[in-house]
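Each remark here refers to the structure printed beneath this line.
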Amino acid sequence: MSSKIAKQADEQSDPKNIKDPSLGWIIGFLFLVSFLGLFCLVPLRKIMIIDYKLVYPSGTATAHLINGFHTPAGAKLAKKQVRSLGKFFSLSFLWGFFQWFFKSSDGCGFESFPTFGLLAFKNRFYFNFDATYVGVGMICPYIVNLSVLFGGILSWGVMWPLIRNQHGHWYTPDPDSSNLHGLQGYRVFISIAMILGDGLYNFVKVLCRTIPALISQIRGSTATTLPISDSPIADVPPAITFDDQRRTEVFLKDQIPNWVAIVCYIVVAVVSTFTLPQIFNNLKWYYIVVAYIVAPVLAFCNAYGCGLTDWSLASTYGKLAIFTIGAWAGASNGGVLVGLAACGVMMSIVATASDLMQDFKTGYMTLASPRSMFVSQVIGTGMGCIIGPSVFWIFFKAFDLGNPKSAYPAPYAAIYRNISILGVDGLSSLPKNCLTLCYVFFAAAVLINLARDVTPKKVSKFIPLPMAMAIPFYLGPYFAIDMCVGSLVLFIWEKIDKKKSDVFAPAVASGLICGEGIWALPEAVLALAGVNPPICMKFLSKKDNDKVDAFLSS
């Protein structure tokens, strides 16, 4: 929503579509929308967890992990994992502190190290010594990391250099500018096309699994195997085990009255309907009413699909809100900003509802009180409405947040804004042949996903993921190289000692991610206090270096 992101989209002259961040309105907005997702599906918790027996794989895995910690072997192993996490947390934190001394300005430091040469660096191919991305690479599956790298090679190694050669024919702005009528337009909108293609395919896929399963459950089918399972459907339901009986008993013991959830949803919805237009002037109250009527239905679909596939499609529902409500408002009435605000409302409700059901599944399997869990969720949500914006505000004030060339480019900010522009203004702003390429990559994303589903698993595991491929189209492949280094470390570790790597790799990766992430907080404090790094480590070509030496000696 900010003017900085709007400038990247050539909209700096339209104040109706700009709202710069402010700590006050961000906290107020989160308090108005964050609790709705907690209330809208509470009346269906028994149906989702006990009657439908939805798997919720992440919630189930978390429950098994928690239960494992409460055995003697699990407690002993957990202590070793915590020690490993602490060790690599410290190393990552100290590495971030060490790097700080060498980046007194933009383009300085280890994060601008031209590992593969200056020409490759210009096209964003370099290893930037970021422990966070190395840790992320150790956690993400190999196919994700390789997909990101493949997308970076395809875009920054092949496509953008070829399109750059069409300067003056396909487009006229400077290729290195952020003007959407130039090369940046191809980068942004082709990545959006791939994201939309991937999201639409998975939305239809989950819907096709959800609707038959839901109809079967409503009709009282005795089939107990969910559509995602590879095993045959049983004709006779298995006997309920003692563990399941005990879990059901505890889950139903501390009931959360349905009327409380319904009344709370209505009250919060009414309050926010009349308050949100005070934050976003062009967001009319009837847009919000429609969103709140539709949101519980979409939240149920997302939570049910997440229970089947572990895939939350909150971002897809958010894009749906952008296109529908943003287009309803229209370009002349601040439709870009209205669409983004509606996206925030819808994503918050839909994502929170599915996360709550995941947590209820964990609580069901660990014999936790659902009432205690729900109260904890409410308290945690309230804390998050203050803590989250406060941490964001520190970053926003201390760093050049949203600048594509900074350490915190916030790529999805530009992507979502341009999605909103596309939904409101149509396709007229795209440079020459950009729309054709968007169609091609949208179709490619759908076909790649289809190929992954129809080919045998031994083949499909090598087919890249379109969503992962799309990210470096805009950002560049530098972080993909870091992630692939993490994958390489994990691969070698697995070859040396598979059992140990399975146990300790997540802890090591978490330490690498958290250490450098936590260092960002003291770095932000130093920046706010006006304390700058003392050294600029920068790399120049020999020709430029000779010029600098000659200038300094003159």
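In the stretch 490-517, the residues that are over 9 Å from LEU85 (Cα atoms) form Cβ pairs under 6 Å with partners that are surrounded by fewer than 19 Cβ atoms within 10 Å (Cβ to Cβ), at six or more places apart or across chains, as follows: SER501/TRP493; SER501/GLU494. Scan the stretch 122-129 and tell me whether some residue there is more than 26 Å from PHE491 (Cα to Cα), outside any helix (DSSP H, G or I) and modelled with pLDDT of 85 or more. Taking every residue of the stretch 122-129 in turn, at least one turns out to be more than 26 Å from PHE491 (Cα to Cα), outside any helix (DSSP H, G or I) and modelled with pLDDT of 85 or more. Of the residues making up the stretch 45-65, those that are outside any helix (DSSP H, G or I) and surrounded by 19 or more Cβ atoms within 10 Å (Cβ to Cβ) number 3. Test ILE139 against the stated conditions and say whether it is under 19 Å from PRO472 (Cα atoms), at pLDDT below 90 and out of contact with any Cys (no Cβ under 8 Å at 6 or more places or on another chain). Yes.
One line per residue, one yes/no per condition, for (1) open to solvent by 50 Å² or more (accessible area, probe 1.4 Å); (2) more than 30 Å from ASN128 (Cα to Cα); (3) in contact (Cβ under 8 Å) with a residue 60 or more places away in the chain:
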| residue | (1), (2), (3) |
| --- | --- |
| ASN67 | yes, yes, yes |
| HIS70 | yes, yes, no |
| LYS79 | yes, yes, no |
| VAL82 | yes, no, yes |
| LEU91 | yes, no, yes |
| PHE97 | yes, no, yes |
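Residues of the stretch 402-444 that are open to solvent by less than 40 Å² (accessible area, probe 1.4 Å) and without any contact (Cβ under 8 Å) to a residue 24 or more places away in the chain: GLY426 alone. Residues in the stretch 445-475 that are of a type in the set (A, V, I, L, M), assigned to a helix (DSSP H, G or I) and either without any contact (Cβ under 8 Å) to a residue 40 or more places away in the chain or closer than 18 Å to SER155 by Cα (or both): ALA445, LEU447, ILE448, ALA451, VAL454, VAL459, MET467, ALA468, MET469, ALA470, ILE471, LEU475. What number of residues within the stretch 280-314 are more than 24 Å from ARG45 (Cβ to Cβ) and open to solvent by 30 Å² or more (accessible area, probe 1.4 Å)? Qualifying residue count, the stretch 280-314: 7. In the stretch 100-110 there is no residue matching the filter, namely being part of a helix (DSSP H, G or I), at negative phi and of a type in the set (Lys, Arg).
The values are calculated or read from the model by the stated rules, or taken from the named source; none is laboratory data. Note that the structure is a prediction, hence the values are computed from the model and not measured. Using ideal geometry, Cβ is built from the backbone for each residue, glycine included, and neighbour counts are taken over all protein chains shown. SASA here: full protein model, heavy atoms, side chains in, ligands and nucleic acids out. Shrake-Rupley method; radii C 1.70, N 1.55, O 1.52, S 1.80 Å.
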